[in-house]
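Chemist: Okay, handing you the structure first.
We did not get these values from a lab; they are worked out from the coordinates using the rules stated. What you see is a predicted model, and the numbers here were worked out from it, not measured in a lab. Here the Cβ positions follow ideal geometry from the backbone for every residue, glycine too, while neighbour counts run over all protein chains shown.
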Amino acid sequence: MTLRPEYALGHSQYNAFLFAAIGEEDGSLPLTVLSALSRLDVDPWQEAARLAALPKEAAARALAVLIARLPPGDVAPAQVDEIAVRLVEALPKPGAAEPPAMPAARARRPGAANSRPTSPQSRRITVLVWAGLAVAALVLALTLQPSNELEPERGFTPPSGQSSTR
């Protein structure tokens, strides 16, 4: 199953930078620029675009400040500047052409909000889901019907000496 275009990563000019390793976590997992910026609550693609527009020295200083904000243990403080300089080299050159954009989502065209073509298989799945929900609602409605088990049968007379009201 393929992702819809609006959810696909595509071929961003910043991929080399964003997927470059800053260091290792827990001794085995690579810590990428993408995950580090995400942890700092910074949009990785916007930050990559901002850094790419700066001169290399300024971009390296700005990136070093961000890397230094990472939790202790992720990166050795003595290596922050060296890592930032290495990572800035992976940024595209200012004025580099953006690769062809992914096709825009159909929902962005006027009048095409719900015009997404559907396959026969997806229609069948939709019908099955709705049918399942209808059956579940029917079963639930039947099980929640009040029962009359505690009420006396019609024509029932209590034994002598007992009254029907207390």
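Chemist: Add +1 for every Lys or Arg and -1 for every Asp or Glu among the other residues with Cβ under 13 Å from the Cβ of Arg39, and state the total.
Modeler: Summing Lys and Arg as +1 and Asp and Glu as -1 gives -4.
Chemist: Compare the peptides 34-43, 72-81 by average per-residue count of other Cβ atoms within 10 angstrom and give them in order, highest first.
Modeler: Descending packing order for the listed peptides: 34-43, 72-81.
Chemist: Using θ = phi - 60° and the Karplus relation 6.51 cos²θ - 1.76 cosθ + 1.60, list the HN-Hα couplings for the range 31-47 in order, rounded to whole Hz, with x at every Gly or Pro.
Modeler: Once θ is set to phi - 60°, the couplings for the range 31-47 become 9, 8, 4, 4, 6, 5, 5, 5, 5, 8, 6, 10, 5, x, 6, 5, 5 Hz.
Chemist: Quick one: 3J(HN,Hα) in Hz for the range 78-83, Karplus 6.51/-1.76/1.60 with θ = phi - 60°, rounded, Gly and Pro as x.
Modeler: 5, 9, 4, 5, 4, 5
Chemist: May I pose another question? What are the extents of the Cα atoms of the range 11-88 along their three principal axes, listed from largest to smallest and rounded to whole Å?
Modeler: 32, 26, 20
Chemist: Tell me, what HN-Hα J-couplings in whole Hz come from the Karplus equation 6.51 cos²θ - 1.76 cosθ + 1.60 at θ = phi - 60° for each residue of the range 129-139, using x for Gly and Pro?
Modeler: 5, 5, 5, x, 5, 5, 5, 4, 5, 5, 4
Chemist: Which residues' amide hydrogens lie under 5 Å from the amide hydrogen of Thr32, considering only partners 5 or more residues apart or on another chain, with H built in the peptide plane?
Modeler: Ile22
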